[in-house]
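> One structure, pasted below without further comment.
The values are calculated or read from the model by the stated rules, or taken from the named source; none is laboratory data. Here the structure is a predicted model, which is why all the values come from computation and not from measurement. Here Cβ is always computed from backbone atoms with ideal geometry, including for glycine, and neighbour counts include all displayed protein chains.
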Amino acid sequence: MPGYSNALAVVIAFLFFPSSMVLALQTTYHVGRAADWNDPLFDYQGWASGIYAHPGDSLDFVYHANLHSIVVAANRDLFDGCSSTPNLGVYQSGYEELVLPVAGTYYFFCPNQCHQGMKFFLEVS
């Protein structure tokens, strides 16, 4: 059976190299597609609703550091109110690859453009 040998090879690879199999399954999502993390008119929440993220996946943010930054809000109320403190992290370099380490809901926004809609939350399961 041709399919049997392929499945057996995957099982054997996982038994001998489990960490490499997990790495192979991780995905990096480029936030905002062509808009990057630069356009307050882009529907970031709409973009995020099509993402099915898992622990270990990451988000790739590219943005103009002189105009934008990233705040990871500590909870939904802070996210809804565009409140920067307290937070789980603030990033300002212009490029970030943020790993989603555990299952849960993550809240991201740009403090300069949050009230214009430059924010999204993402469910990780």
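> I'd like the full set of residues that are part of a loop (DSSP other than H, G, I, E, B) and either of a type in the set (Val, Ile, Thr) or surrounded by fewer than 16 Cβ atoms within 10 Å (Cβ to Cβ) (or both), limited to the range 55-73.
Those that are part of a loop (DSSP other than H, G, I, E, B) and either of a type in the set (Val, Ile, Thr) or surrounded by fewer than 16 Cβ atoms within 10 Å (Cβ to Cβ) (or both): PRO55, GLY56, HIS64, ALA65, ASN66, LEU67.
> May I pose another question? In the range 36-54, what residues are assigned to a helix (DSSP H, G or I), of a type outside the set (A, V, I, L, M, F, W, C) and crowded, with 17+ Cβ neighbours inside 10 Å?
TYR44
Residues checked against (1) surrounded by 12 or more Cβ atoms within 10 Å (Cβ to Cβ); (2) within 23 Å of PRO55 (Cα to Cα); (3) at pLDDT 95 or above:
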residue: LEU88; (1), (2), (3): yes, yes, yes
residue: TYR91; (1), (2), (3): yes, yes, yes
residue: TYR95; (1), (2), (3): yes, yes, yes
residue: LEU98; (1), (2), (3): yes, yes, yes
residue: VAL102; (1), (2), (3): no, yes, yes
residue: PHE108; (1), (2), (3): yes, yes, yes
residue: MET118; (1), (2), (3): yes, no, yes
residue: LEU122; (1), (2), (3): yes, yes, yes
residue: SER125; (1), (2), (3): no, yes, yes
